[in-house]
Amino acid sequence: MFGLFRKKTSRADYGALGVDMHSHILPGIDDGAPDVETSLQLIRSLLDMGYRQFITTPHIYPEIHPNNRDTITHALATLRTALREAGMDVQVDAAAEYMIDDAFDSTLQQGNLLTLPGNRVLVEMSTMSVPPNLDQSLFQLQLDGYQPVIAHPERYLFVGKSRTRFHDWHDRGYELQINLLSVTGYYSPVVKENALYLLKNNLVHFAGTDAHHHRHTELLGMALKDPNMQRCLEQAQWLNSTLA
C-alpha cells in the first residue's frame with residue numbers, strides 16, 4: 001500500500017505510519033505516563049520520529065487498571081489542555097485496550113466501548129494461556145458490530161511453534177497489530193520470531209509503539225537503524241494512515 005521511505009536519501013522515520021494507534025501516554029491512569037510532563041515528553045519524542053497523530057489506548061483491566069470511559073476522557077481532556085498550553089498543535093484522541101478475561105463479557109454487555117475509528121476494539125489477553133472465553137468474546141464483538149483488533153499477537157506464547165492461531169485469527173476477520181519493538185527482539189527472541197513470521201505471511205494490519213515510558217521511545221529511535229525494522233516498515237501493508 002505504501003512504504004516508509006518516500007525518498008531513499010531521507011532520514012528514516014515512522015512518518016508513513018502517521019498515526020500511532022496503540023500507546024499508553026495518557027497521564028496517571030495505567031502503567032504508562034505517570035504525569036502530564038511525561039506525556040508531553042513522550043509525544044515530543046514520537047513527533048520527532050515522524051508521527052503526526054495519536055490514538056492512545058489505556059488499559060481497561062478491572063483487577064489492575066480499573067479504567068472506564070469517564071477516567072479515560074478526563075485524562076484525555078487534561079492532556080489536551082496541557083498540549084495547548086505548551087503550544088503543541090497535535091491531534092490526540094483516545095480509545096482503550098481491553099483485557100479479555102472473566103470480566104470482559106460483562107464489559108461487552110454494557111456496550112459503549114471506546115473504539116478506534118471504524119468501530120474497532122483493541123483487545124489483549126494473557127500471554128501464556130488461552131482465555132477460556134476468547135473465541136466466544138471475539139465472535140460476540142463481531143456480532144455486536146465491532147471490528148476486533150488483536151494487540152501484539154506476537155507476544156502470545158500460547159500460539160506455540162505451529163502459529164496456526166495467527167492464521168485462524170486472520171481468516172476470521174480479526175485485524176492484527178504488532179508492536180514495532182517486537183521485530184528488534186526487545187521483548188524476547190521468540191516474540192521477535194513471531195513478529196517476523198506475521199510480517200512474512202502478510203498477516204498484520206497495524207503497527208503500534210505501545211509506548212509506556214522514555215525507554216520505549218529511546219529504543220524506537222534507535223530501532224530505525226535496525227535492518228529488520230527497515231524491512232518491516234518498507235514491506236508491510238499498513239493501515240495506520242486510514243485511522244487519521
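Select from the stretch 156-231 those chymotrypsin sites (Phe, Trp or Tyr not before Pro) which occupy a DSSP coil region and have at most 13 other Cβ atoms within 10 Å, ordered by residue number. Spell out each step's value before the answer.
Details: sites: 156, 158, 166, 169, 174, 186, 187, 197, 206; in loops: 156, 174, 186, 187.
The qualifying sites: there are none.
For residue 120, which sequence-distant residues (separation of 5 or more, or a different chain) have an amide H within less than 5 Å of its own amide H, given hydrogens modelled in the peptide plane?
Excluding prolines and chain starts, which carry no amide H, the hits are 147.
If R₀ is 30 angstrom, what is the calculated FRET efficiency for the pair residue 244 and residue 130, using the beta carbon separation as r and rounding to 0.05? It would help to have the intermediate numbers written out before the result.
Values: r = 34 Å, r/R0 = 1.14.
Working from the Cβ atoms, E equals 0.30.
Taking H placed 1.01 Å from N in the peptide plane, check which residues at least 5 places from residue 61 or on another chain put their amide H under 5 Å from its amide H.
Under 5 Å from the amide H of residue 61: 67.
Taking θ as phi - 60°, what are the ³J(HN,Hα) couplings along the stretch 92-109 by the Karplus curve (6.51, -1.76, 1.60), each to the nearest whole Hz, with x for Gly and Pro?
10, 10, 9, 10, 7, 10, 8, 7, 7, 9, 4, 8, 5, 4, 5, 4, 5, 5
Net charge near residue 38: determine it from the other residues with C-beta under 14 Å of the C-beta of residue 38, scoring Lys and Arg +1 and Asp and Glu -1. It would help to have the intermediate numbers written out before the result.
Values: positive: 44, 215; negative: 30, 31, 35, 37, 218.
After counting each charged neighbour, the total is -3.
Which residues' amide hydrogens lie under 5 Å from the amide hydrogen of residue 144, considering only partners 5 or more residues apart or on another chain, with H built in the peptide plane?
Counting only residues 5 or more places away or on other chains, the set is empty.
For the stretch 10-81, state the semi-axes of the equivalent ellipsoid (square roots of 5 times the eigenvalues of the alpha-carbon gyration tensor), sorted largest first and rounded to whole angstrom.
Values for the stretch 10-81, descending: 24, 12, 10 Å.
Counting only C-alpha contacts under 8 Å and six or more residues apart, can you give the relative contact order of the stretch 19-243 as a whole percent?
Details: 373 pairs, mean separation 44.6, N = 225.
Over the stretch 19-243, the number comes to 20 percent.
When only Cα pairs under 8 Å and 6 or more residues apart are kept, what is the percent relative contact order across the stretch 48-123?
It comes to 36 percent, rounded to a whole number.
Take every DSSP beta bridge with both residues inside the chain and express the antiparallel ones as a percent of the total, to the nearest 5.
10
If you count the DSSP beta bridges with both ends in the stretch 61-168, what percent of them are antiparallel, to the nearest 5?
Expressed as a percentage, antiparallel bridges in the stretch 61-168 total about 20.
Return the sequence-ordered ³J(HN,Hα) values of the stretch 42-49 in whole Hz as given by the Karplus equation 6.51 cos²θ - 1.76 cosθ + 1.60 applied to θ = phi - 60°, using x for Gly and Pro.
After applying 6.51 cos²θ - 1.76 cosθ + 1.60, I find 5, 5, 4, 4, 6, 4, 5, 8 Hz.
Tell me, what is the FRET efficiency for residue 85 and residue 64 to the nearest 0.05, using R0 = 45 angstrom and their Cβ-Cβ distance as r? Numbers along the way, then the final one.
Values: r = 31 Å, r/R0 = 0.69.
After rounding, the FRET efficiency stands at 0.90.
Quick note: the coordinates plus some simple rules give every number you see, no bench work behind them. Everything numeric here is computed off the predicted structure, so don't read it as measured data. Using ideal geometry, Cβ is built from the backbone for each residue, glycine included, and neighbour counts are taken over all protein chains shown.
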